[in-house]
Amino acid sequence: MVETLYQNISDGLFEAFKKIKLVISDVDGVLSDGKIYMTASGDEIKSFNAKDGSGIVALRSCSVEFGVITGRESPLVERRMKSLGARYICQGVRDKCREFDRIRAEMEIEPEECLYIGDDVIDLPLMRAVGIGAAVRDAHPLVLREADFVTVNIGGNGAVREVTDIILQCHGMLDHKEISQ
């Protein structure tokens, strides 16, 4: 077993984390708490956790790319992900696996070099297609059942940061990263 800041994980899972070159995340329920607030004028409001943002930025220090693949479309997501330097911002996607294959081909990497973090049943096909299929702690029970890794934190509350910290730990960079949100 390997001790991380959040939980102990098996040696095999830690070795799988070492191989990761791309982290892909769902948005609603993972990078946000899943709540969508609508104003009277129809504007959408979401909440993003600054800790997750810091972890995403820190991934660059170990040459790991970050992206989102989501079925919804939101200018807020575009703005937030661009501010964090996310390489891939894929919104309005119906077939997440097809989009993942396109990204993977562009990066010239294998599925085992990729991690996807999701929270709902729509995420299961992509979770099955990557090296590590991760789920936030408050994910749908079917997702929790199939996940290779389940975060201690819930979606929108540091779950993505937990994943990024483990990757940084694998590269010996957890205590040395320069981050900004």
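Output yes when any residue across the stretch 76-95 is in a strand (DSSP E or B), touching a residue at least 40 places away in the same chain (Cβ under 8 Å) and among the hydrophobic types (A, V, I, L, M, F, W, C), and no when none is.
So in the stretch 76-95, the residues in a strand (DSSP E or B) come out as 88-90.
So of that shortlist, the ones also touching a residue at least 40 places away in the same chain (Cβ under 8 Å) come out as 88.
Okay, now just the ones that are also among the hydrophobic types (A, V, I, L, M, F, W, C), so none.
No, that holds for no residue.
Take the residues in the stretch 71-113 that are under 22 Å from Gly156 (Cβ atoms), among the hydrophobic types (A, V, I, L, M, F, W, C) and within 15 Å of the chain's Cα centre (by Cα); name whichever of them is surrounded by the most Cβ atoms within 10 Å (Cβ to Cβ).
Met81
If Asp52 satisfies all but one of (1) free of Cβ contacts under 8 Å to residues at least 12 places away in the same chain; (2) crowded, with 16+ Cβ neighbours inside 10 Å; (3) acidic (Asp, Glu), what's the number of the condition it fails?
(1)
For the stretch 15-52, which positions are of a type in the set (A, V, I, L, M, F, W, C), in contact with a Ser or Thr (Cβ under 8 Å, 6 or more places away or on another chain) and more than 16 Å from Gly155 (Cβ to Cβ)?
The first filter runs over the stretch 15-52 and keeps only residues of a type in the set (A, V, I, L, M, F, W, C), leaving 16-17, 20, 22-24, 27, 30-31, 36, 38, 40, 45, 48, 50.
Next cut, in contact with a Ser or Thr (Cβ under 8 Å, 6 or more places away or on another chain) only: 23, 27, 31, 45, 48.
Passing the criteria: only Ile45.
Do we find a residue being acidic (Asp, Glu) and closer than 19 Å to Gly12 by Cβ anywhere in the stretch 141-157?
Quick first cut of the stretch 141-157, residues acidic (Asp, Glu) only: 146, 148.
In the following step, the residues that additionally are closer than 19 Å to Gly12 by Cβ were identified as 146, 148.
Yes: the stretch 141-157 contains one or more residues that are acidic (Asp, Glu) and closer than 19 Å to Gly12 by Cβ.
Considering only residues that are part of a helix (DSSP H, G or I) and touching a residue at least 24 places away in the same chain (Cβ under 8 Å), look in the stretch 8-29 and name the one that is surrounded by the fewest Cβ atoms within 10 Å (Cβ to Cβ). Full working, then the answer.
Narrowing the stretch 8-29 to residues part of a helix (DSSP H, G or I): 11-18.
If we keep only those that are touching a residue at least 24 places away in the same chain (Cβ under 8 Å) as well, we get 13-14, 16-18.
On the way: Leu13: 17, Phe14: 17, Ala16: 19, Phe17: 23, Lys18: 12.
Looking at residues that are part of a helix (DSSP H, G or I) and touching a residue at least 24 places away in the same chain (Cβ under 8 Å), I get Lys18.
Rule-based calculations on the coordinates, nothing more; no lab input. Fair warning: this is a prediction, and the values are worked out from it, not measured in the lab. Cβ: placed from backbone, ideal geometry, glycine included. Neighbour counts: every protein chain shown.
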